[in-house]
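Q: Quick one: this structure, given as structure tokens, is what I'll be asking you about.
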Amino acid sequence: MPSPITPEGYERLQEELKRLKNEERPAIGRALEEARGHGDLKENAEYHAAKERQGMTEARIRQLEGIIGDSQLVDIRRQPTDRVAFGAQVTVVDLETEKEASYQIVGEHESDLDQGRISIVSPLARALMGKTVGDDVVFTTPKGERELEVTAISY
């Protein structure tokens, strides 16, 4: 089943894939050639480090190609503006601490909590889906239940 992804997330993954293929791969190739020129490969730390870097880079390239190939681009401009749906920027207030936070609901491969992007499969995102401004949301975290109020929705 395809995984939903925002246009911005899709672009970030495409840019990373392009950088790995067009910049990282050639740089690793040059490092390997240089290391080979230093002689005996068995005891050549530079060669082994470059080979390891090559393996990790190729694995990430395959992973990105798989993610991109399995992604379904979702046009967030077509989402209902009065309800929380995929791609929404949701502002909430914790009813216990009165702290405000803002999250964008995105695909699982583009989530980044430090950037305020939460995965659509996360407990918070699942609890927010379909809610409107003024609705209370209760969800379970490892620290227990939390209750939030939706204060704004935008796309």
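Q: For P(r) over Cα pairs in 10 Å bins from 0, in percent, one of [x] 10, 36, 29, 15, 8, 2, 0; [y] 12, 48, 36, 5; [z] 10, 30, 22, 17, 12, 7, 2 was computed from the structure I shared and the rest are decoys. Which label?
A: [z]
Q: With just the Cα atoms defining each centre, how far is the range 1-26 from the range 88-155? Give it in Å.
A: So the two Cα centres are separated by 26 Å.
Q: Report, in debye and to the nearest 20, how large the dipole of the chain comes out about its Cα centre when Lys and Arg carry +1 and Asp and Glu carry -1 on their Cβ.
A: Result for the chain is approximately 520 debye, rounded to the nearest 20.
Q: Follow-up. Taking residue 143 as the anchor, which lysines have their alpha carbon closer than 21 Å to its alpha carbon, excluding any fewer than eight residues away along the same chain?
A: Candidates past the 8-residue exclusion: 99.
Q: Applying a 10 Å radius around every beta-carbon, put 22-30, 100-108 in order of their mean neighbour count, most first.
A: 100-108, 22-30
Q: Now for a different question. For the range 78-154, how big is Rg over Rh, using alpha carbon atoms and the Kirkwood form of Rh?
A: Here the Rg-to-Rh quotient is 0.93.
Q: Quick one: angle between helix 25-36 and the longest Cα principal axis of the chain, in degrees between 0 and 90, rounded to 10, please.
A: 30
Q: Once Lys and Arg get +1 and Asp and Glu get -1 on their Cβ, which of 68, 44, 13 lies farthest toward the positive end of the dipole of the range 3-73?
A: 44
Q: Can you tell me which lysines have their Cα less than 25 Å from the Cα of residue 18? Leave out same-chain residues fewer than eight positions away.
A: Straight-distance partners of residue 18: 51.
Q: Looking at the range 78-154, send over the antiparallel percent of its DSSP beta bridges, to the nearest 5.
A: Within the range 78-154, antiparallel bridges account for around 85 percent of the total.
Q: Using DSSP, restrict attention to beta bridges with both residues in the chain and report what percent are antiparallel, rounded to the nearest 5.
A: 75
Q: So what is the 222 nm mean residue ellipticity for the chain from helices alone, if each DSSP H run of at least 4 adds -39500 (n - 2.57) and you divide by all residues, rounding to the nearest 500 deg cm²/dmol?
A: -11500 deg cm²/dmol
Q: For a quick check: with amide H placed at 1.01 Å from N, whose amide H comes under 5 Å from residue 3's, ignoring anything fewer than 5 positions away on the same chain?
A: 71, 72
Bear in mind these aren't lab numbers, they're just calculated from the coordinates by the rules spelled out. Since the model is a prediction, treat every value here as computed from it, not as a measurement. All Cβ positions, glycine included, derive from the backbone under ideal geometry; neighbour counts span all protein chains shown.
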